[in-house]
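Okay, structure first, notes after.
Throughout, read-outs are computed from the coordinates displayed, never taken from laboratory work. Predicted model, so just to flag it, every value in this text is computed and none were measured. Heads up, the Cβs are rebuilt from the backbone with ideal geometry, glycines too, and the neighbour counts pull from every protein chain shown.
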Amino acid sequence: MNLQGVIVPHCKQAVLSQGSEVYGSVQGRTHNCEPGASLDLLMHADDIHASYDQRRILKGVELSLHRGEILGLIGTNGAGKTTLMGVLAGSHKHDGGRITLAGEKYGPDSMEEAQACGVGLIPQNFRLDPDLTVAKAIFRGTFQADKPHDELRGQALELIKDIGITMDPDVKVGTLIRAEQTLVEVLRIVAEEAQLVIMDEVAASLPDHDVAVLHQVLRMLVGQGRAIIYITHRLDEVRSIADRIAVLRDGKVHRILEASRTDVRELSFLLLQQELANNARPTDPAAGDEAMRVVQLSVGDSIRDVSFSVAKGEIFGLAGTHRSGIYQLIEALVGIHPSTSGQILIHGKPVQIRGLEDALRLKIGYLSDTADTLDSATGIVDGLQRSDDSAGANLQDEITQLRGVIELVRRMRINTTNIHGAITTLSGGDRQKVQLAKWMTSDCDVLILSHPSRGIDIGARETVYKMLNELSRTGVAIILLSSDLSELVSWCHRIGVMRNGELVAIEANANTNEDALVHHMLGEKFTSADGEARRVKL
């Protein structure tokens with residue numbers, strides 16, 4: 001596949017420009033061209049209004065995007081980011097306003113029509129057919145979609161090599177973890193050769209070294225003359241990759257800033273309209289008795305002889321690359337893929353965990369990093385209540401429970417006007433908050449959280465941090481898996497690092513930083529621009 005010459009399947013007269021060259025146009029749906037449109041201006045949205053479930057979400061959005069530009073888009077959960085991207089990508093109709101794409105009036109009736117016009121989207125909660133091979137998944141949105149796997153395999157290998165990642169084109173995507181499926185979606189966008197690329201929280205579950213690879217891909221795409229709208233809650237990341245940053249607040253673009261002329265503090269203030277609290281790192285070890293101990297645990301060839309313990313009231317972090325064995329470890333702890341040897345002890349007693357039912361019976365809770373575990377028909381109230389909350393409840397009990405739900409909605413900054421509405425009326429980040437809040441208010445002795453802040457805005461992250469600390473003070477042992485190393489360092493008492501199926505290090509918080517963790521993860525020295533590991537004796 002030639003990634004330098006990009007032929008874009010899109011609307012009539014819409015062209016992709018790189019320098020002074022035009023890479024082609026394809027006959028398609030006819031639109032009226034805007035006379036005198038700038039050759040550099042790719043997309044312009046003017047006074048866009050949109051509603052969802054009879055609630056006004058977008059309230060007059062104005063936004064422009066130029067070829068060869070990365071526009072960062074930030075906003076709290078419920079600000080309207082996903083709705084705006086749905087309008088641009090054809091999955092949601094706007095009520096008013098005007099959009100032009102490459103000088104033509106643009107208003108797709110479907111995602112397929114948007115794709116034909118050269119607009120590609122990776123949504124926050126994407127879903128892949130688990131039976132597709134990686135090669136078929138990459139090319140499923142192109143004219144080659146109907147070709148058999150064997151005919152696509154070579155092209156997929158070439159694309160994977162060009163991007164600079166390690167992936168087997170023959171495996172089924174259902175066997176991949178979420179972060180690897182994300183990279184498949186990035187490869188799909190490259191294969192589709194879209195002129196306007198929209199990425200919604202793509203890096204949320206990617207470890208730092210894969211984020212670096214993703215950024216290389218983004219720069220390659222804009223170097224070809226494409227344009228990217230990049231949505232993320234990682235403010236330091238958006239500053240490092242974007243040319244401009246648009247701040248969406250209450251359904252409108254509040255400010256657009258030059259990325260090089262702002263900082264994280266200013267961006268967070270624009271989002272939250274208040275300063276973030278400075279939370280101290282938990283440098284002292286947890287003082288509680290032992291809640292869980294893992295002794296020489298193995299799962300086939302995936303993990304070997306892993307041993308560690310977690311105390312009551314401790315937040316124990318886990319870090320590792322995709323194939324380090326970290327996912328097999330936590331899945332063994334909750335019985336999804338039971339261990340083949342070794343022991344798990346809860347409160348000093350050996351236990352057998354052969355399924356999620358065993359884990360729940362032992363008061364071990366697990367929030368996975370899959371896109372959505374709540375049924376689409378679930379109500380917000382039901383999502384925030386334990387299943388046994390309503391059993392035998394009288395009116396006063398129900399009132400108390402509803403007050404508790406309202407307080408959770410307030411604390412977690414869940415953007416809704418109706419707590420009795422369906423979970424589908426919430427933004428992707430707010431759905432994640434509901435799932436997280438339900439587990440954090442459950443009666444568990446050990447709580448295992450995989451990427452709990454995925455898709456959650458910075459204000460809600462502070463709330464999650466406070467709730468985790470409150471939980472730990474009640475004696476709950478928390479095991480936290482995250483690809484965000486700064487999050488682990490900010491929240492955890494100790495951090496274990498997996499590499500090649502083994503637990504290679506357990507670092508006390510006072511002894512470590514992100515660079516030291518990456519060194520353990522990769523087995524080689526890694527130093528960031530401003531980091532040097534703090535090594536002290538405890």
Label-point separation in nm, Q343 to R55, each point 7 Å along Cα→Cβ: 5.1
For Rg and Dmax of the Cα atoms in Å, calculated from these coordinates, the label among (1) 22.3, 72; (2) 23.9, 76; (3) 27.4, 101: (2)
Estimated inter-spin distance, Q352 and Q216, nm [label 7 Å along Cα→Cβ]: 4.8
Additional length obtainable on full extension of the chain from K252 to E407, 0.36 nm per residue less Cα span: 53.1 nm
Helix 428-440 vs. the chain, principal-axis angle (Cα, 0 to 90°, nearest 10): 10
Highest average packing first - 395-407, 434-446, 293-305, Cβ atoms within 10 Å: 434-446, 293-305, 395-407
Whether the stretch 60-123 is rounded, prolate or oblate, judged on the alpha carbon gyration tensor where a/c under 1.5 counts as rounded: rounded
Folded to 0 to 90 degrees: helix 458-473 orientation relative to the chain principal axis, Cα: 10
Integer Hz, Karplus 6.51/-1.76/1.60 couplings in order for the stretch 331-343, x for Gly and Pro: 5, 5, 5, 10, x, 5, 10, x, 5, 9, 7, x, 9
In Hz, Karplus ³J(HN,Hα) per residue of the stretch 185-194 (6.51, -1.76, 1.60; θ = phi - 60°; x = Gly, Pro): 5, 5, 4, 4, 4, 5, 5, 6, 6, 5
Nearby aspartates and glutamates by direct alpha-carbon distance to K136 (threshold 19 angstrom, same-chain neighbours under 8 apart not counted): E112, D146, D150, E151, E158, D162, D168, D170, E180, E185, E192, E193
Amide hydrogen neighbours beyond the local backbone of K105, cut-off 5 Å, H modeled: N32, E34
Spacing of the two label points (7 Å from each Cα toward its C-beta) at D397 and D146, in nm: 5.9
Fewest-first sequence of F308, F316 by Cβ atoms within 10 Å of each Cβ: F308, F316
Helix axis angle, 149-163 relative to the chain longest principal axis, alpha carbon, degrees: 80
Length added when fully stretched, R473-D443, from 0.36 nm per residue minus Cα-Cα: 9.4 nm
Fewest-first ranking of K312, K363, K93, using other Cβ atoms within 10 Å as the exposure measure: K93, K363, K312
Alpha-carbon centroids, the stretch 157-182 and the stretch 208-275: separation in whole Å: 26
DSSP beta bridges in the chain [antiparallel fraction, %, rounded to 5]: 60
Partners for K349 among lysines (Cα-Cα distance below 21 Å; same-chain residues under 8 apart left out): K312, K363
Mean residue ellipticity (222 nm) of the chain, computed from DSSP H runs ≥ 4 via -39,500 (n - 2.57), nearest 500: -9000 deg cm²/dmol
Taking S368, S483 and counting other C-beta atoms within 10 Å, the order from fewest to most: S368, S483
FRET efficiency, R261 to N125 (Cβ-Cβ, R0 51 Å, nearest 0.05): 0.95
